[in-house]
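For reference, the structure is listed below as structure tokens.
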Amino acid sequence: MEPNFGGVVTVTHSGQRRTPKAAKTSSVFKKAVMAVSGIILVLYLVAHMIGNLKIFSGRESFNGYSEWIRTIGEPAVPAQTTLWIIRVVLLAAVAAHIWAAVSLWRQAKRARPVQYVARKQVAQSYASRTMRWGGVILALFVIYHILDLTAGVANPEGTASTPYDRVIAGFSNPFITAVYIVALLALGFHLRHGIWSATQTLGQSNKKRERTVNAFATVFAVVLTAGFLIPPLSILSGLVG
Amino acid sequence: MALELFTLGDPIADTSAPRDVPIGERWSERRFRAKLVNPANRRKLTVIVVGTGLAGGSAAATLGEAGYKVKSFWYQDSPRRAHSVAAQGGINAAKNYRNDGDSVHRLFYDTVKGGDFRAREDNVHRLAEVSVNIIDQCVAQGVPFAREYGGLLDNRSFGGTQVSRTFYARGQTGQQLLYGAYQALERQMAAGTVEQFARTEMLDLIVVDGRARGIVARNLITGEISTHFADAVVLATGGYSNVFYLSTNAKGSNATAIWRAHKRGALFANPCYTQIHPTCIPVHGEYQSKLTLMSESLRNDGRVWVPKERGDTRDPRDIPEEERDYYLERIYPAFGNLVPRDIASRQAKNVCDEGRGVGPEGKGVYLDFAEAMQRLGRPAIEAKYGNLFDMYAQITGEDPYEVPMRIYPAVHYTMGGLWVDYDLQSNIPGLFVIGEANFSDHGANRLGASALMQGLADGYFVLPNTISHYLSSGPFDKVDPQHPAAVEALEGVRAQTERLLSINGNRTTASFHRELGRLMFDLCGMERSEESLRKALDRIPEIRQEFWTNVKVPGELGRFNQSLEHAGRVADFIELAELMCVDALHRNESCGGHFRAESQTPEGEALRDDENYAYVAAWEWTPEGAPPVLHKEDLEFEYVHLAQRSYK
Amino acid sequence: MDLKLRVWRQRDATEKGKMVTYEVTDISPDMSFLEMLDVLNEQLILDGQEPVAFDHDCREGICGSCGVMINGRAHGNGLHDSHPQTATCQLHMRSFKDGETIDIEPWRATAFPIIKDLAVDRSALDRIIQSGGYISAPTGTAPEAHSILVAKKDSDAAFDAATCIGCGACVAACPNASSMLFTSAKVVHLGLMPQGQPERNDRVINMIHQQDLEGFGGCTNIGECSASCPKGISMENISRLNHDLLGALRAGARPKS
């Protein structure tokens, strides 16, 4: 033992390398899961939005479209096979998206347990700041949305109605429409940052593309949100139904 | 020379260089004659390396790669912060990629001449030889040097040389080279060959039976003072410009490691050789903590002037052409604004001393780009100097595109340092000194882009070869931590630190440091005279006396205590300042960065006295009260003939 | 100028800290931020108090030692649009108004434990470099420099990434306390050079692995890092790192443990 003096005896070499623990899932891998699952959900949303616009072709067309989704692939496969494949993929994507989000959220919490007394953002946008709580709102909304229009249990028309009736009944109610509008705006912000972020995460952004990617994300988010907002607003204002 | 100043000891000489072969073969011959250490035995040999700049970082990494057990110490939080990081300009190498007549011999010649014939030829020649290997090594590490469109390395001419031999990475060459060494060092740390001691400051050298065997160091976070042992100790702790308080060095740069080694018997060579850089941003107030250098390249297009009249406080733009004195163009029509650093600095001081200086306190001269802007247009100036202009604007709050810049010289580099032989070994066996910390390669004046070259040459290529010769006679007997020499060193450090904390006087460490710095800059700065140096030598002991009775150092020993760190460093600067003045006073000639008012040509140029002063002044420490002992190493010039510099 | 400072004081890593208010007077607008802290410290020492500990060294914005949160912004970057992005030592007091209250806090992250007051331990960044931020080129083994050609475009881009000074502002500013910008700067610097190719896959895998082990957060591409970086390191580097990492995973690279 070498003699030592001074207040503290333990030698802590601040530079010592910690032994790596068992390989965890890397934070970048989690982000990639988030990006890929997000892309699947975005593609679904595009189809969903286009389908929604069929409300303007009238009751028959809309109900027919709804029926078609359930019969794609018949008679090669039994009824609703394709629909369930879509549902399983979506469910898996949602689960993966939430898992990655929660996991990164917890990592971020662990990474800064003590917050700043004063903190001002320099660059972050409203969209990027609200990803996490916005995501929670969207998850809650999706549950409500399925109960409302898919299952019909939360719909004024009840479970026995046709899809068209449920839509018209729901959006004739200003309160229900308001809930949808809030959720869709949240979706818009979520997409605005999500699309840019996915491009970064998948390593497809660079200095030259950065502006384009950001512009695309904004335009895409606006178009999709608008596309989703048109039917409920039209119904509420009496243009349809 | 007055006898009370110093006493004359035995002459010394370098005996490591094989002088029996021609200079071009000496380095390979030295490597051949050096004894080697069997790779299997290397892990039984421990080497302490203090400092992680270009020299220390590259040495520790290379010794680790070779298989030695290395212990690396640095005072900052990371090895990447060493002040080599701040070097801007570039690194010289005799690659002759431009086919412009460069060669190892020319780089050797330029360096000896630039050093005003006060460097050892053997060392300088070796430096020029290994310069080419440095570039290869750095490129292999991924250092992003500037390149041409064909993918080859770009070169530029730097510091007035006639060949383009400077490699660079924009204005951040030092940073990029340091990161290369730092990454190699981190790689060895991961591999386990280099043990790291971050935020640990060396406070004494342990000499056992005449050999350097370890150090006493303080862990700056816990305050713990402990001993560390090894078979050899390497100091790579940089220069001592912070003696002047205001310099371009980092705030933490200090002389403590070399000074404490000096007090353990290592000779300190040429302490008075300091380099003062002409283009720095001037001081703007009492509270100023640091000077910032701007690249010398500014003098390529900027014109230096002051008003002809003293005390002219008009806006520089309102001073008509005929009332301006473009003094460098006037005195040196051939070289004009491009005269060497020491001349440009001294003339700036002269005009300011005449009362014609500009800006607050009259310590500044104008560097004017108005003419260049007219000739080349603003976009061209922006492209060439944009980052420098931005930096200037940021620090001063003035727009240099509109108002002439103000510049003033600042201490930048110290050529002096611990005396070493051709093996870079000091007179204490087992103590090696590399980089700016030694005195070896630059003589009395360092050429631009040569500091980085020397640091990496020493660390990557020279030391790892020469230290093996010393280590081949090891491993030496293990040092018992209770050995009287170790205990004495440890307790000495502890006693000094406790004493600093107990004085509890009325003045801060910084106020002493400022006082010392101002005194040194005024009396032992760009121009020294017997009168000024005697004045300094009268005053410094008083400062030291007051420091040790009236300094106030708050905090505790056993904790992170930056005030305590600073106090210990200033205590050493005060002692070193005295030796610098003694050295400057004894050297009654002007050479390179050392200008004695008594020794100048009728035109006011530096006048060397080769007859009496063509030697290295290596100083031996003596306990307080006794004058230091001077050992002379005579310099012989076999290959470069002594000549007077002239830039007229 | 007269200023009110609210400074984080904490004796060491184990004790709790708090904001303490001080007043400084006669501050010149030409002072740097750290010189203003020097004035405060000299005042504290003469008053018999302990000065505020903060890391600093070169004071010309290149060593990366200094760095504090100033009014909630890393290095004070973003205080004014007109002020270029710098390190704390290059921020000058003319950026503040007479009578202003300035909040000064240390970097906050689990991976950066506080040593004292405003000084933190950033050795986690060094360990990320240790895990792969280098090119293995032992001294003396290098081929002639001109035997390796590097396209100017790549060399310039590598240089831009390599200017990172490792100050930790990216971590401090990131809402997730992620060091992704730091890690990506090194991955991209070496990954753009031909010399860096052989170790490219392992490098990125191991560096990200170490980054996660050190307790940094994950990147969610918010951009506070780049906007707070004194060297303006671009977010593009993070994208490039992600690209490299996914490629390395596909190629079967796994972190060494």
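Summary table below
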| item | result |
| --- | --- |
| Range in chain B, longest, excluding exposed GluC sites (Glu not before Pro) [loop by DSSP; at most 16 other beta-carbon atoms within 10 Å] | B:403-555 |
| Coordinate range along principal axes, alpha carbons of the range C:1-52, Å, largest first | 37, 19, 16 |
| Size of charge dipole - the protein assembly as shown - debye, nearest 20, with Cβ of Lys, Arg +1 and Asp, Glu -1, no other charges | 4840 |
| Acute angle (nearest 10 degrees) that the helix B:341-353 long axis makes with the longest principal axis of chain B, alpha-carbon atoms | 60 |
| Estimated dipole of chain B in Debye, rounded to 20 [Cβ of Lys and Arg +1, of Asp and Glu -1, Cα centre] | 1620 |
| Most positive-pole-ward Cα, B:Tyr75, B:Ser131, B:Gln162, against dipole of the range B:63-222 from beta carbon charges | B:Tyr75 |
| Overall dimensions of the range C:3-105 as given by Cα atoms, namely Rg and Dmax in Å | 13.3, 40 |
| Selection of trypsin sites (Lys or Arg not before Pro), the range B:189-226, meeting DSSP coil and at most 11 other Cβ within 10 Å | none |
| Loop sites in the range C:132-199: chymotrypsin sites (Phe, Trp or Tyr not before Pro), DSSP, at most 14 other Cβ within 10 Å | none |
| Given charges at Cβ of Lys, Arg, Asp, Glu: chain B dipole, positive-most of B:Ala119, B:Asn561, B:Ser529 | B:Asn561 |
| Peptide C:48-59, shielding by other chains (average Cβ, 10 Å cutoff) | 6 |
| Peptide C:84-97, shielding by other chains (average Cβ, 10 Å cutoff) | 2 |
| Measure of compaction for chain A (Cα Rg per 2.2 N^0.38 Å) | 1.36 |
| Within chain B, helix-based [θ] at 222 nm, where runs of 4 or more DSSP H residues each add -39,500 (n - 2.57), nearest 500 | -11500 deg cm²/dmol |
| Estimated [θ] at 222 nm from DSSP helical runs (n ≥ 4, -39500 (n - 2.57)) normalised by residues in chain C, nearest 500 | -10000 deg cm²/dmol |
| Cα-centre dipole for the range A:23-154 with unit charges at Cβ (Lys and Arg positive, Asp and Glu negative), debye to 20 | 1140 |
| Highest-fluctuation residue, C:Lys18, C:Lys231, C:Lys186 considered, GNM on chain C with Cα pairs under 10 Å | C:Lys18 |
| Relative exposure of B:Trp305, A:Trp99, judged by other C-beta atoms within 10 Å (fewest first) | A:Trp99, B:Trp305 |
| Unit charges at the beta carbon, dipole of chain C: most positive-side option, C:Leu91, C:Phe112, C:His80 | C:Phe112 |
| Whole-number D in µm²/s for the protein assembly as shown (Stokes-Einstein; Kirkwood sum over Cα pairs; 37 °C, 0.692 mPa s) | 103 |
| Estimated inter-spin distance, B:Asp399 and C:Lys153, nm [label 7 Å along Cα→Cβ] | 3.6 |
| Shape box of chain B [Cα atoms, principal axes, largest first, Å] | 75, 63, 48 |
| Whole-angstrom gap from the range A:63-99 to the range B:508-549, using each part's C-alpha centre | 86 |
| Residue order, fewest to most surrounding Cβ atoms within 10 angstrom, among B:Met415, C:Met1, C:Met19 | C:Met19, C:Met1, B:Met415 |
| Antiparallel DSSP beta bridges within the protein assembly as shown, as percent of all bridges there, nearest 5 | 70 |
| Using distinct alpha-carbon pairs, which all enter the 1/r mean, Kirkwood radius of the range B:277-411 in Å | 14.9 |
| Tensor-based shape of the range B:77-210 (alpha-carbon gyration tensor, a/c under 1.5 rounded, otherwise prolate or oblate) | oblate |
| Within chain C, longest stretch clear of exposed GluC sites (Glu not before Pro) (DSSP loop, no more than 15 other Cβ within 10 Å) | C:145-257 |
| Label point at A:Ser57 placed 7 Å out along Cα→Cβ; residues across the range A:133-167 whose backbone nitrogen lies under 17 Å | A:163-165 |
| Two-decimal ratio, the range B:163-211, of alpha-carbon radius of gyration to 2.2 N^0.38 Å | 1.77 |
| Candidates A:Glu74, A:Glu210, A:Glu157, ranked by Gaussian network fluctuation over chain A, Cα under 10 Å, top entry | A:Glu74 |
| Residue pairs, from the table B:Lys308/B:Lys349; B:Lys363/C:Lys97; B:Lys290/B:Lys349; B:Lys69/B:Lys95, whose Cα atoms sit over 23 Å apart | B:Lys363/C:Lys97; B:Lys69/B:Lys95 |
| In sequence order, calculated HN-Hα J values of the range A:234-241 (Karplus, 6.51, -1.76, 1.60; Hz; x Gly/Pro) | 5, 5, 4, 7, x, 5, 10, x |
| GNM flexibility winner over chain C from C:Gly17, C:Gly217, C:Gly168 (Cα, springs under 10 Å) | C:Gly17 |
| DSSP bridge orientation in chain B - percent antiparallel, rounded to nearest 5 | 65 |
| Cα-based helix-to-principal-axis angle, B:23-33 vs chain B, degrees rounded to 10 | 20 |
| log₁₀ of I(q)/I(0) at q = 0.13, 0.21 Å⁻¹ - the range B:226-310, Debye sum with one point per alpha carbon | -0.64, -1.13 |
| Ranked list, fewest to most other Cβ atoms within 10 Å of each Cβ, for B:Ser563, B:Ser472, B:Ser502 | B:Ser502, B:Ser472, B:Ser563 |
| Exercise: per-residue mean of other protein chain Cβ atoms within 10 Å, C:70-76 | 3 |
| Chain A - mean residue ellipticity at 222 nm from DSSP helices (-39,500 (n - 2.57) per run, n ≥ 4, rounded to 500) | -22500 deg cm²/dmol |
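FYI, it's all coordinate maths here, none of it is from the lab. If you're wondering where the values come from, they're calculated on a predicted model, not measured in any experiment. Here Cβ is always computed from backbone atoms with ideal geometry, including for glycine, and neighbour counts include all displayed protein chains.
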